[in-house]
1. Considering only segment B:99-155, state which residues are part of a strand (DSSP E or B) and aliphatic (A, V, I, L, M).
2. On the given criteria, is A:LEU143 over 20 Å from the mean Cα position of the chain (by Cα) and in a loop (DSSP other than H, G, I, E, B)?
3. Please specify each residue of segment A:146-157 satisfying the condition of being in a helix (DSSP H, G or I) and more than 7 Å from chain B (Cβ to nearest Cβ).
4. When you scan segment A:52-71, do you find a residue that is of a type in the set (A, V, I, L, M, F, W, C) and at positive phi, even just one?
5. Any residue in segment A:219-238 that is assigned to a strand (DSSP E or B) sitting within a Cβ distance under 6 Å of a residue that is at pLDDT below 95 and open to solvent by 60 Å² or more (accessible area, probe 1.4 Å)? List the pairs, counting only those 6 or more apart or interchain.
6. Being open to solvent by less than 10 Å² (accessible area, probe 1.4 Å) and touching a residue at least 12 places away in the same chain (Cβ under 8 Å) is the filter here; which residues of segment A:112-128 pass it?
7. For segment A:118-140, which residues satisfy the criterion of being more than 9 Å from chain B (Cβ to nearest Cβ) and assigned to a helix (DSSP H, G or I)?
8. Among the residues of segment B:45-84, count how many are small (Gly, Ala, Ser) and either more than 10 Å from the ligand (Cβ to nearest atom) or touching a Lys or Arg at 6+ places or on another chain (Cβ under 7 Å) (or both).
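The values are calculated or read from the model by the stated rules, or taken from the named source; none is laboratory data. Since the structure is predicted, the reported quantities are computational estimates derived from the model, not experimental observations. Cβ placement follows ideal geometry from the backbone for every residue including glycine, while neighbour counts extend to all protein chains displayed. Ligands, DNA and RNA are excluded from the accessible area calculation, which covers all protein heavy atoms including side chains. Shrake-Rupley method; radii C 1.70, N 1.55, O 1.52, S 1.80 Å.
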Amino acid sequence: MDKEVAIIGYAQTPYEADAEASREMQVLEVTKAALAAAGLKREQLDTVITANNDYLDGRTISNMRLVEPSGAWQKNESKVEMDGAYAALYALMRILSGDHGIAMVVGESQASVYGGYIPGTMMLDPTFDRQRGLLNEVSASALQARAYMNACGVSEEQLAGVAAKNLANAAKNPLALRADGKADVKKVLSSRLLYSPIRELMASPLCDGACAVVLASGKVAAKSGNPVWIKGVGFSHDSYLSERSLAEMSSLKDAARRCYAMAGIEDPASQLDLAEVHECFAHEELMAYEALGLCAAGEGGAFFDSGTTSMDGSLPVNASGGALAANVACAAGLARIIEAAMQIRGEAGDHQVKGVRTAVAHGQTGICAQENIIYVLGGE
Amino acid sequence: MEYKNETVSIEGGWPMEHWQWKFESLALIRKTLEALREKKLLGLKCPGCGLVYFMPKPYCRCLSIPDEWVEVKDTGTVTTYTFTGAWAYEGIADEGPAGTPLIIVGIVLDGTDTMTVCTLSDAKPEDVSVGMRIRLQWPENPEGKLEDLAYCVPL
Ligand SMILES: [Zn+2]
């Protein structure tokens, strides 16, 4: 895609364990802030897409109280029950249809309402796995971690290293919930063991928050200051966890192939300047390196050890701290898009990486990263 | 906001016969469960791609309808595993018997192509590895319930 759709504004709440405001008021806050950032009035929005989830909200039609706060009153509104990165896809397609010029995209949820990882069991097969009581988001991801580590020779120290890197990066991101400038492998390995090999600091903290992105057609975006162009998008769904290899993220690999073809990326490691990946657990970042083609298959651990993905490396990954710093269900992938756009615009403040022109952003939904979506974003 | 920490426990199970879903899986799983009484394991084979599902599944990713019942073995291979740490997880047991970590294994039974999860007993966390061979531990008198498949032991 060449200058067809761009990000022209965005906003995030701080990510908190237990926000004072309701989800509706958090959405109102980011909607207004994103509109202001884009230099737009509510009246100029053509369509609004939100990402939220009925079972996380504890009632049906989780978007019904978001019509006004998301700017959708008497507008063309719809939602996805997936990550906000998919809401951005829906909005992107609406703009590409030619019928809509400007879209508001919102992702939100509040883990303080639904109780952390507990609703994750609703993603399990209802007739069998949910009845057994053995699997939940953490134990299933632990099975994924072990399968990957066994196949690719990755150590617990390497998982801890990813967590330490991201938590240290997060110390420079004022919106992060979990951050530790002094995080190191030892500290991560001495945090509580949840399900082996996953320790508390290797698991993303589920939290409260919202974020919003304004997408605009090329015609509108060209007149705005500093648009961040969507160069490509790719998405792919995999089978339920019992019917696929947990040792690799094959659907992310497939999504990347489609996205890179659209964006004209032939050698991701040299053409990309930065990546924001949605790693719900530390091992998923290593798996994503491989699936995104940043390194060869099976080389995720060694690639991490090379320092390439650290803040001062040639391809920093999760300069924001990633989802290990804050993982709002239905928003964390959209937040990765925002963070990548911030880096391209040079608006990332203390966690700014120098000279980011092209970046990749990843979102996921489903147990053990069943569904994956990536975007390649670029500046002028 | 203390109310958030209150938990209400309600006694009871989740009897599947009370569900009124039009869900072909239920009929298939009932057949597999019924066979457990005779210590038989029934998988379902897809005519399109040959995949053998255990537990059975009414549709396949190749768009065929798995319809051939095949008896599969009660031995298999561990494809991945985890064990619990010192962590209380609401509503989910975090320990095995007598304070030992609960070892959860992903296994592929011989003659099947899909993973199922099971608790490994008679083993310590340091004994378990990917690739290790296991056998299902049948209860003395299987009752045709999911619980009959709860445990496996190293082979
Ligand atoms: Zn098939």
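1. Correct list: B:ILE103, B:ILE104, B:VAL105, B:ILE107, B:VAL108, B:LEU109, B:VAL117, B:LEU120, B:ILE134, B:LEU136, B:VAL153.
2. Considered against the rule, which asks whether it is over 20 Å from the mean Cα position of the chain (by Cα) and in a loop (DSSP other than H, G, I, E, B), A:LEU143 comes out as no.
3. A:TYR148, A:MET149, A:ALA151, A:CYS152, A:GLU156, A:GLU157
4. Yes, segment A:52-71 contains a residue that is of a type in the set (A, V, I, L, M, F, W, C) and at positive phi.
5. A:TRP229/A:LYS3
6. A:GLY120, A:LEU124
7. Correct list: A:PRO119, A:GLY120, A:MET122, A:MET123, A:GLU137.
8. Selection size over segment B:45-84: 1.
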